[in-house]
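*Asks:* Quick one: this structure, given as structure tokens, is what I'll be asking you about.
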Amino acid sequence: SLGIESTEKRVIMTVANPEKTRKFIKEMRRQVYIGIPGHGIIMAVPIKSVGGGKTLAYLNNGEQQPARYTPELSNRYELIVIVANEGRTDQVMNAARAAGATGGTVIHAKGTGTDLVRKFFGVSIASEQEMVFILARSEAKKPIMKAIMAKAGIQSAAQSLVFSLPVGDIAGLREL
């Protein structure tokens, strides 16, 4: 389960091309037993664009051409990201679970924003926030996001902003 229990979790983010991503996932399965219940999950989230020639060359295995990086996309899973006011993750997760989510991971965050952003969304962006990551099958994404927006959206005390990212590859997810 990806539930919000009292267990400590780590989120590690890195940039890698598809070949390096596959090798990394394979090595993590071996070294930290990804795939065994309770040992975490790994997901690859595609990058749409990058800044800088060195990063582009790294992603293209040292080649300068082509002049852009095109990620591989899968439509099986999506990562739903919710940014909510601190202390409101139960409100967010109750809405998400009612719509079929099996759990999520919470990260403490502090946001900053301009007055224009605050006025547009009606939310204080420069306050303590929490981010909730929910991995969902693509067909379950829309109902989960709609439930969160209806029960924990901008108009609520959680003042949640909700968006999703495609997931390119995944390992360690237990499905019932």
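The values are calculated or read from the model by the stated rules, or taken from the named source; none is laboratory data. Since the model is a prediction, treat every value here as computed from it, not as a measurement. All Cβ positions, even for glycine, are placed from backbone atoms using ideal geometry, and neighbour counts span all protein chains on display. Only protein heavy atoms, including side chains, enter the accessible area calculation; ligands, DNA and RNA are left aside. Shrake-Rupley method; radii C 1.70, N 1.55, O 1.52, S 1.80 Å.
Conditions (1) modelled with pLDDT of 65 or more; (2) over 15 Å from the mean Cα position of the chain (by Cα); (3) surrounded by 14 or more Cβ atoms within 10 Å (Cβ to Cβ), marked per residue:
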| position | (1), (2), (3) |
| --- | --- |
| His39 | yes, yes, no |
| Ala57 | yes, yes, yes |
| Thr70 | no, yes, no |
| Gly87 | yes, yes, no |
| Arg97 | yes, yes, yes |
| Gly100 | yes, yes, yes |
| Gln129 | yes, yes, yes |
| Ser138 | yes, no, yes |
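*Asks:* Hey, could you check segment 155-176 for residues that are open to solvent by less than 60 Å² (accessible area, probe 1.4 Å) and over 15 Å from Glu78 (Cβ atoms) and say which is modelled with the lowest pLDDT?
*Replies:* Gly172
*Asks:* Follow-up. Could you list, in sequence order, the residues of segment 106-127 that are open to solvent by less than 30 Å² (accessible area, probe 1.4 Å), under 20 Å from the mean Cα position of the chain (by Cα) and modelled with pLDDT under 80?
*Replies:* Across segment 106-127, the qualifying residues are Gly111, Ile125.
*Asks:* If I filter segment 8-30 for residues that are of a type in the set (Phe, Trp, Tyr), at pLDDT 70 or above and open to solvent by less than 100 Å² (accessible area, probe 1.4 Å), do I get at least one hit?
*Replies:* yes
*Asks:* Looking only at residues that are touching a helix residue (DSSP H, G or I) at 6+ places or on another chain (Cβ under 8 Å) and among the β-branched types (Val, Ile, Thr) in segment 149-167, which one is farthest from Ala98 (Cα to Cα)?
*Replies:* Per the criteria, the residue is Ile154.
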